[in-house]
1. With Gly97, Gly85 as the choices, which residue is modelled with pLDDT under 90 and either over 29 Å from Leu130 (Cβ atoms) or open to solvent by less than 70 Å² (accessible area, probe 1.4 Å) (or both)?
2. Taking the range 10-46 as the search range and keeping residues that are in a helix (DSSP H, G or I) and open to solvent by 90 Å² or more (accessible area, probe 1.4 Å), which one is modelled with the lowest pLDDT?
3. How many of the residues in the range 68-85 are free of Cβ contacts under 8 Å to residues at least 40 places away in the same chain, in contact with a helix residue (DSSP H, G or I) (Cβ under 9 Å, 6 or more places away or on another chain) and not hydrophobic (A, V, I, L, M, F, W, C)?
4. Considering the range 56-79 alone, what residues qualify as being at pLDDT below 95 and among the aliphatic types (A, V, I, L, M)?
5. Residues being surrounded by fewer than 13 Cβ atoms within 10 Å (Cβ to Cβ) and in contact with a Phe, Trp or Tyr (Cβ under 7 Å, 6 or more places away or on another chain): count how many of those fall in the range 102-145.
Amino acid sequence: MYTSPLMPLKRTGYGRGGCIVDDDGRMIRLATTMRNLATELRRKETPAEKILWKKLRKKKLYGLKFYRQVAIDRFVADFYCPSKGVIVEVDGKIHLGKDQMEHDKKRSKLLLNRNFRIIRITNEDVIKRLDDSLQKIAHFCGIRD
């Protein structure tokens, strides 16, 4: 049976080398690769991500715990708040391209189907309107002032 790249995986067990076993028992080399990618992205964060991380780390935003560059299934989320199931994506101009927009749409659909909530903020908003961006994130997480 063919498994599309967007078909949900049933994590029935882990194989050698960080592989994940899919529904048909096939080993998918995913876990180690995604962890390595997340680590690499943490080293190469954008200026906007650096700015936002300074405000989200160590529970600085209303006591909410965030992680950065987290591997979730086949994707790496920029920031993730597990207690609220919220993914924060900081998007640059690359996300305006047709191919990237289509990829983002498929990615969002898969993550939404798995009960994650996604908020997208532009690099420009983070850099020029940081306080507004933080309030949007807090509001999205259910924090009311």
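1. On the way: Gly85 fails: modelled with pLDDT under 90.
Unique residue meeting the criteria: Gly97.
2. Initial filter on the range 10-46 (in a helix (DSSP H, G or I)): 16-18, 31-43.
If we keep only those that are open to solvent by 90 Å² or more (accessible area, probe 1.4 Å) too, we end up with 16, 35-36, 43.
Working: Arg16: 41, Arg35: 78, Asn36: 82, Arg43: 88.
Checked the range 10-46; the qualifying residue modelled with the lowest pLDDT is Arg16.
3. Residues flagged as free of Cβ contacts under 8 Å to residues at least 40 places away in the same chain, in contact with a helix residue (DSSP H, G or I) (Cβ under 9 Å, 6 or more places away or on another chain) and not hydrophobic (A, V, I, L, M, F, W, C) within the range 68-85 amount to 3.
4. Val70, Ala71, Ile72, Val76, Ala77
5. The total comes to 0.
The values are calculated or read from the model by the stated rules, or taken from the named source; none is laboratory data. Quick caveat: nothing in here was measured; it's all calculated off a predicted structure. Glycine gets a Cβ as well: all are built from the backbone with ideal geometry, and neighbour counts include every protein chain shown. Side chains included, ligands, DNA and RNA excluded: accessible areas come from the protein's heavy atoms. Shrake-Rupley method; radii C 1.70, N 1.55, O 1.52, S 1.80 Å.
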